[in-house]
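*Asks:* So that we are looking at the same thing, I have put the structure below in structure tokens.
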Amino acid sequence: MNNASYPPDRPTFSAHTTSSGVPDRPVPERPPRARRRWMAIPVALAVVAAGFGGGVLGASLDEDPAPTIVQQAPPVRVITAQPASAPVAADTAVVGTDVIPSIVTVEVGTENGGAFIQGGSGSGVVLDSAGHIATNDHVVAGGSAARVILSDGRIYDAELIGTDPLTDLAVLQISATNLEPISLGSTDELTIGSPAIAVGSPLGLEGGPSLSVGVVSALGREVQTAPDTVLYGMIQTDAPITSGSSGGSLVDADGALIGITTAVGVSAIGVEGIGFATPVEIVERVTDEIIATGTVSHALLGIGGDTAYNDTADGGSAPVGVDVLSVTTGSAAALAGVVVGDVITAVDGTSVLTMDELITALRRVGAGDTVDIALADGRIVQPTLASR
């Protein structure tokens, strides 16, 4: 087992890019395991050595970027419970009619003499009638100008309100009328096999967004999109997600947003046909804070920990919570009475069996929030979380 702590030290970000165009950021130490490659879904334009023009996005799907070695913590629990009855099938025509007006194309590049020079494109989701657009940080990273193309063909210059590299989210704003904000859903009732519909702007094609259909394949995935970027609690889907769809929507059978499409799986033989979306609960918290303040402050509990395991009757072992290995003096955890040797089992009533699940739970809440943390000895403590 690793001795990963939560949260890791706040990383320092830069706009510089690697040869694959992914922002160069530090990564918390994790033990090496199987080799995999994940990539943030990029745009459909040609890639130069330092990424897109102005260092805009990641490597394209039709190229072979330098491999990324996945360094993962102990396995994250994947929810496999089935619903009591079969999930309601989605009426995809109705979903498409409802959702497509809320999906936009995001073009990122530079301005020269008042002319917009496109360097790359991705997707975005209309959040409100004030013109706020959610997209991915990697879509806008490195660009100095952006514009948004609505599903009906209208084009607007966009202002970057703020970004959060830690969750790969960003917010743009346009001055437009007659916008159709997307409906927000929830991941709490999702199960394996629930309908999942991806709506985005693949390949930067003209003519508006497109729709692809699949299911929720897994929940709670940890995905490393680059040596320095780890995303937690991700939704895995087999709904086809292609180049240029970063920042688009993953919706449920009712057309409600359940995630922002962010990454696809890539192996030595190419794209593997699985995609990942950032859960709507994280999207909502982060974008709300960006809209309100322009920045994001992530919660700091102030412990070092590791997944705790108990022996099972049949000779195996099973994760049972997070073993607290250290507590920072004066931290939220210390002030609430958490001590070394405690085992955290739940946050706000949601079971926490692994370190990754604790990180995911804390990313759903913000600095200054008070949470209920259940410990294995029966105590419930209520730390008011500090800011990273």
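The values are calculated or read from the model by the stated rules, or taken from the named source; none is laboratory data. For clarity, every value in this text was computed on a predicted model and none was experimentally measured. Note: ideal-geometry Cβ built from the backbone for every residue, glycine included; neighbour counts use all protein chains shown.
*Asks:* Within the group Gly247, Gly305, Gly273, which residue is in a strand (DSSP E or B), surrounded by 18 or more Cβ atoms within 10 Å (Cβ to Cβ) and either touching a Leu at 6+ places or on another chain (Cβ under 8 Å) or of a type outside the set (Lys, Arg) (or both)? If you could, list the steps in order and put the result at the bottom.
*Replies:* Details: Gly247 fails: in a strand (DSSP E or B); Gly273 fails: surrounded by 18 or more Cβ atoms within 10 Å (Cβ to Cβ).
Exactly one of Gly247, Gly305, Gly273 is in a strand (DSSP E or B), surrounded by 18 or more Cβ atoms within 10 Å (Cβ to Cβ) and either touching a Leu at 6+ places or on another chain (Cβ under 8 Å) or of a type outside the set (Lys, Arg) (or both), namely Gly305.
*Asks:* Just the residues that are over 19 Å from Glu357 (Cα atoms) and either surrounded by fewer than 16 Cβ atoms within 10 Å (Cβ to Cβ) or over 29 Å from the mean Cα position of the chain (by Cα) (or both), please, taken from the stretch 310-333. Even if it seems obvious, please write down each step before you answer.
*Replies:* Looking only at the stretch 310-333, we keep the residues that are over 19 Å from Glu357 (Cα atoms), and these are 311-316, 328-331.
If the condition is that a residue be over 19 Å from Glu357 (Cα atoms) and either surrounded by fewer than 16 Cβ atoms within 10 Å (Cβ to Cβ) or over 29 Å from the mean Cα position of the chain (by Cα) (or both), then Asp311, Thr312, Ala313, Asp314, Gly315, Gly316, Thr328, Thr329, Gly330 are the ones that fit.
*Asks:* Quick one: Thr307 ticks every box in (1) under 17 Å from Val230 (Cβ atoms); (2) among the β-branched types (Val, Ile, Thr); (3) within 19 Å of the chain's Cα centre (by Cα); (4) modelled with pLDDT of 90 or more bar one, so which box is it?
*Replies:* Result: Thr307 fails condition (3) only.
*Asks:* So which of Thr191, Thr177 ends up being in contact (Cβ under 8 Å) with a residue 24 or more places away in the chain and of a type in the set (S, T, N, Q)? Lay out the reasoning, then the answer.
*Replies:* Details: Thr177 fails: in contact (Cβ under 8 Å) with a residue 24 or more places away in the chain.
Residue meeting the stated conditions: Thr191.
*Asks:* Kindly indicate whether any position in the stretch 138-147 is aliphatic (A, V, I, L, M), more than 20 Å from the chain's Cα centre (by Cα), surrounded by 16 or more Cβ atoms within 10 Å (Cβ to Cβ) and part of a strand (DSSP E or B).
*Replies:* Narrowing the stretch 138-147 to residues aliphatic (A, V, I, L, M): 139-141, 145-146.
Next cut, more than 20 Å from the chain's Cα centre (by Cα) only: 145-146.
Add one more test, that the residue is surrounded by 16 or more Cβ atoms within 10 Å (Cβ to Cβ), and what stays is 145-146.
Narrowing further to those that are part of a strand (DSSP E or B): 145-146.
The answer is yes, given that some residue of the stretch 138-147 is aliphatic (A, V, I, L, M), more than 20 Å from the chain's Cα centre (by Cα), surrounded by 16 or more Cβ atoms within 10 Å (Cβ to Cβ) and part of a strand (DSSP E or B).
*Asks:* Something else now. May I ask you to verify whether Thr187 is polar (S, T, N, Q) and in a strand (DSSP E or B)?
*Replies:* Values: polar (S, T, N, Q): yes; in a strand (DSSP E or B): no.
When the stated conditions are applied, Thr187 does not pass them.
*Asks:* Has the stretch 174-191 got any residue that is over 15 Å from Gly124 (Cα atoms), at pLDDT 90 or above, small (Gly, Ala, Ser) and touching a Pro at 6+ places or on another chain (Cβ under 8 Å)?
*Replies:* No, the stretch 174-191 contains no residue that is over 15 Å from Gly124 (Cα atoms), at pLDDT 90 or above, small (Gly, Ala, Ser) and touching a Pro at 6+ places or on another chain (Cβ under 8 Å).
*Asks:* Among the candidates Leu166, Leu231, which residue alone is modelled with pLDDT under 95, buried (at least 19 other Cβ atoms within 10 Å of the Cβ) and not in a loop (DSSP other than H, G, I, E, B)?
*Replies:* On the way: Leu166 fails: not in a loop (DSSP other than H, G, I, E, B).
Being modelled with pLDDT under 95, buried (at least 19 other Cβ atoms within 10 Å of the Cβ) and not in a loop (DSSP other than H, G, I, E, B) holds for just one of Leu166, Leu231, which is Leu231.
*Asks:* Looking at (1) surrounded by fewer than 18 Cβ atoms within 10 Å (Cβ to Cβ); (2) under 24 Å from Val216 (Cα atoms); (3) of a type in the set (Gly, Ala, Ser); (4) in contact (Cβ under 8 Å) with a residue 12 or more places away in the chain, can you tell me which one Ala134 breaks?
*Replies:* With (1) surrounded by fewer than 18 Cβ atoms within 10 Å (Cβ to Cβ); (2) under 24 Å from Val216 (Cα atoms); (3) of a type in the set (Gly, Ala, Ser); (4) in contact (Cβ under 8 Å) with a residue 12 or more places away in the chain applied to Ala134, the lone miss is (1).
*Asks:* Could you tell me which of the residues Gly96, Gly122, Gly109 is touching a helix residue (DSSP H, G or I) at 6+ places or on another chain (Cβ under 7 Å), among the small types (Gly, Ala, Ser) and either in a strand (DSSP E or B) or buried (at least 18 other Cβ atoms within 10 Å of the Cβ) (or both)? Before you say what the answer is, go through the steps one by one.
*Replies:* Details: Gly96 fails: touching a helix residue (DSSP H, G or I) at 6+ places or on another chain (Cβ under 7 Å); Gly109 fails: touching a helix residue (DSSP H, G or I) at 6+ places or on another chain (Cβ under 7 Å).
Criteria check complete, one pass: Gly122.
*Asks:* Now, a different point. Please go through (1) buried (at least 20 other Cβ atoms within 10 Å of the Cβ); (2) touching a Phe, Trp or Tyr at 6+ places or on another chain (Cβ under 8 Å) for Val296 and return the number of the only condition it doesn't satisfy.
*Replies:* Evaluating Val296 over (1) buried (at least 20 other Cβ atoms within 10 Å of the Cβ); (2) touching a Phe, Trp or Tyr at 6+ places or on another chain (Cβ under 8 Å) leaves (2) as the failure.
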